[in-house]
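This report refers to the structure that appears directly beneath it.
Each value in this text was obtained by applying a stated rule to the coordinates, not by laboratory testing. As the structure is a prediction and not an experimental result, all values here were calculated from the model.
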Amino acid sequence: MGKKKNILGYYIIGSAIIWGLTGIAMSFQLKGTECFNEIGPIFGAAAGIHLILIWCPLAAQLKKQQGDKEADKKKK
């Protein structure tokens with residue numbers, strides 16, 4: 001099980017880096033333009049969808065793993 005947690009951590013870190021860099025790049029590209037008002041909601045919607053499709057199932061999986069660990073500890 002230790003291997004899965006390590007891989008899962010890389011996905012979490014990678015996801016955070018990608019979204020962070022995307023936000024920074026968009027803000028620099030759109031700074032001082034009128035396009036920011038049009039693109040901002042799209043970026044916000046994408047971030048929201050990402051949270052729903054990636055992070056909610058991930059949180060549920062982590063919670064389940066933690067519950068399984070606690071159950072194993074009680075058995076021992």
Hits in segment 28-65 (condition: over 14 Å from the mean Cα position of the chain (by Cα) and aromatic (Phe, Trp, Tyr)): 28, 36, 43
Identity of the residue in segment 27-76, of a type outside the set (A, V, I, L, M, F, W, C) and not in a helix (DSSP H, G or I), that ends up nearest to residue 16 (Cα to Cα): 31
